[in-house]
Amino acid sequence: LTPAGLAAIAGYADAVGVEKSLVQPVGADGALAAPTTLVRDAHRAGLAVHVWTLRRDPAFLPAAYRGDAAAEWRRFAALGVDGIFGD
């Protein structure tokens, strides 16, 4: 999602729902990579950002959050997302 693409979406929507790795990428080894600019770019376009799907099951948690599933929720809140879908 580019800034131009987000601006186009803002013409017909109030928010975008994106897979969580589009905001917080995770490497093949489970380590967190640098967050993307998606939240900032979407907010500049006037869009809210909702990420999906956070799960507490160890198989779905990046290595950085194992043992503390709530840490992933806190991370996305700190990154400025407006909504989170979870199981």
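For the structure I just gave you, tell me whether residue 81 is in a loop (DSSP other than H, G, I, E, B), in contact with a strand residue (DSSP E or B) (Cβ under 9 Å, 6 or more places away or on another chain) and aliphatic (A, V, I, L, M).
Numbers: in a loop (DSSP other than H, G, I, E, B): yes; in contact with a strand residue (DSSP E or B) (Cβ under 9 Å, 6 or more places away or on another chain): yes; aliphatic (A, V, I, L, M): yes.
Judged against the criteria, residue 81 is a match.
Which one is nearest to residue 76 (Cα to Cα) among residues in the range 10-42 that are open to solvent by less than 30 Å² (accessible area, probe 1.4 Å) and assigned to a strand (DSSP E or B)?
Filtering first and then ranking leaves 18.
Go through the range 71-83 and report how many residues are aliphatic (A, V, I, L, M) and open to solvent by 50 Å² or more (accessible area, probe 1.4 Å). Explain how you work it out, then say what you get.
Kept after step one, since they are aliphatic (A, V, I, L, M), are these residues of the range 71-83: 71, 77-79, 81.
Subset that is open to solvent by 50 Å² or more (accessible area, probe 1.4 Å): 77-78.
Of the residues in that region, 2 qualify.
With the requirement that a residue be assigned to a helix (DSSP H, G or I), touching a Leu at 6+ places or on another chain (Cβ under 9 Å) and either modelled with pLDDT under 95 or farther than 23 Å from residue 3 by Cβ (or both), what does the range 43-64 give you?
Of everything in the range 43-64, those that are assigned to a helix (DSSP H, G or I), touching a Leu at 6+ places or on another chain (Cβ under 9 Å) and either modelled with pLDDT under 95 or farther than 23 Å from residue 3 by Cβ (or both) turn out to be 60, 63, 64.
The values are calculated or read from the model by the stated rules, or taken from the named source; none is laboratory data. All values derive from a computational prediction rather than experimental measurement. Every residue, glycine among them, receives a Cβ derived from its backbone with ideal geometry; neighbour counts consider all protein chains shown. Note: areas computed on protein heavy atoms with side chains; ligands, DNA, RNA excluded. Shrake-Rupley method; radii C 1.70, N 1.55, O 1.52, S 1.80 Å.
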